[in-house]
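Take a look at the structure set out below.
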Amino acid sequence: MTAVTKTGDWRRARALLAAGPLRLKAAIGLALRQEAEALRREIVQGLTRQAPGGSPLAPPKETTLAARRLKGFGGSKSLIVRADLRNGVATIVRGDEAFVGVPRTARGKDGQSLANVAEIQEFGSAPIVIPMTDAMRRFVFAVLREAGEPIGAGGGGGAGVVVVQVPARPFLRPAFERFKPGAQRRFLARVAAHSGMGGV
């Protein structure tokens with residue numbers, strides 16, 4: 001039977017091994033949060049620059065800008081009027097999962113669900129039939145005048161409904177696609193750095 005001789009600080013080695021799983025768990029949690037926050041920045045900056053994931057957003061139509069002006073809002077960027085949607089992009093980390101996007105609980109300053117707004121903008125909408133009231137008709141004509149568009153014959157007459165269809169303006173999917181390459185490598189590098197294994 002061969003004798004075994006122990007050398008070195010075994011008490012410290014045992015302490016390091018015992019603490020290893022906790023340190024690794026903390027490192028994974030921190031790395032996950034950092035990756036999620038980096039993805040959130042990518043989405044927010046994409047909206048600010050009007051090119052999510054490098055794909056330029058179509059500019060608003062002149063009638064959209066005219067409606068904004070009549071409602072007291074300025075700016076000419078797509079998907080940014082009061083910045084509610086952009087500010088609604090959030091990071092939520094629970095355990096080993098992270099959510100990055102617009103949560104169902106997010107509300108705009110007008111109380112509207114920002115998740116619904118995000119979904120319509122991301123994928124577009126089916127045609128929406130809206131019954132026209134006299135107040136709405138006056139507003140539509142005011143928008144057309146403000147935009148310099150022809151109102152048409154008859155002035156105040158016309159159909160009792162208006163059909164609206166929102167075009168798709170993806171701002172989440174392009175950011176996700178741009179962020180995906182290298183995600184695993186970045187995550188593992190973060191874990192290694194936070195767990196003290198960066199030099200391994």
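Residue-wise test of (1) modelled with pLDDT under 95; (2) among the aromatic types (Phe, Trp, Tyr); (3) part of a loop (DSSP other than H, G, I, E, B).
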| site | (1), (2), (3) |
| --- | --- |
| Lys6 | yes, no, yes |
| Arg11 | yes, no, no |
| Ala15 | yes, no, no |
| Gly20 | yes, no, no |
| Lys25 | yes, no, no |
| Glu42 | no, no, no |
| Gly46 | no, no, no |
| Pro60 | yes, no, yes |
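Restricting attention to segment 102-142 and to residues that are of a type in the set (Ser, Thr, Tyr) and open to solvent by less than 40 Å² (accessible area, probe 1.4 Å), the residue that is modelled with the highest pLDDT turns out to be Ser113. Report, by residue number, each residue of segment 161-183 that is within 20 Å of Ile43 (Cβ to Cβ) and open to solvent by 60 Å² or more (accessible area, probe 1.4 Å). Pro167, Arg173, Phe176, Glu177, Arg178, Lys180, Pro181, listed by residue number.
Going by the structure shown, is Ala58 touching a residue at least 60 places away in the same chain (Cβ under 8 Å) and closer than 30 Å to Phe179 by Cβ?
On the way: touching a residue at least 60 places away in the same chain (Cβ under 8 Å): yes; closer than 30 Å to Phe179 by Cβ: yes.
Yes; evaluated as a whole, the condition is true for this residue.
Residue by residue through segment 52-91, note down the ones that are open to solvent by 50 Å² or more (accessible area, probe 1.4 Å) and touching a Pro at 6+ places or on another chain (Cβ under 8 Å). Answer for segment 52-91, where residues must be open to solvent by 50 Å² or more (accessible area, probe 1.4 Å) and touching a Pro at 6+ places or on another chain (Cβ under 8 Å): Ser55, Ala58, Ser76, Lys77.
The values are calculated or read from the model by the stated rules, or taken from the named source; none is laboratory data. Just so it is clear, the structure is predicted and the values come from calculations on it, not from any experiment. Please note: Cβ atoms are built from the backbone with ideal geometry, for glycine as well, and neighbour counts cover all protein chains shown. Each accessible area value is taken on the protein alone, full model and side chains, heavy atoms only, with ligands, DNA and RNA left out. Shrake-Rupley method; radii C 1.70, N 1.55, O 1.52, S 1.80 Å.
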